[in-house]
Amino acid sequence: IDFDLILESVKYLNLLAGEGSPQIKHTLQGAQLKQPEPVPLTLYQNGIVMCNGAFRPYQDPSTQQCLQDIMDGYFPSELQQRYPDGI
């Protein structure tokens, strides 16, 4: 596992997702600025936890696909159902 590449890719993806840039949320009274909701990702020596879910070992094929997506510069494909309209 190339942790340095994963961290660099996560920083890049965070910028693409608008980290630090508020979004406009329309309300009944008008609108307000809201920060994008983060997707928690915790890296461990032997696996990951994403979105406060269950621990996933690196040997698990879905974990390998998730990390490969990130290292390739893409948002994990498994998040498509959670965010069908994109980031």
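The values are calculated or read from the model by the stated rules, or taken from the named source; none is laboratory data. Note that this is a predicted model, so its numbers are computed, not measured. Because the Cβ atoms are built from the backbone with ideal geometry, glycine has one as well, and the counts that use them run over all protein chains shown. Heavy atoms of the whole protein, side chains included, go into the accessibility calculation; ligands, DNA and RNA do not. Shrake-Rupley method; radii C 1.70, N 1.55, O 1.52, S 1.80 Å.
Hey, how much of the P(r) for the range 3-82 falls beyond 19 Å, as a percent of Cα pairs? The calculated P(r) of the range 3-82 puts 43 percent of pairs beyond 19 Å. Comparing Pro40, Pro76, Pro57 in a Gaussian network model of the chain, where Cα atoms under 10 Å apart are tied by springs, the biggest mean-square fluctuation is seen for Pro40. Sorting the segments 10-19, 63-72, 25-34 by their mean number of nearby beta carbons within 10 angstrom, highest to lowest, gives 63-72, 10-19, 25-34. Solvent-accessible surface of the chain, taken per residue with a 1.4 Å probe and all protein chains present: 74 Å². Of all the accessible heavy-atom surface of the chain, with the other protein chains kept in place and a 1.4 Å probe, what percent is carbon and sulfur? Answer for the chain is 53 percent, counting heavy atoms of protein chains only.
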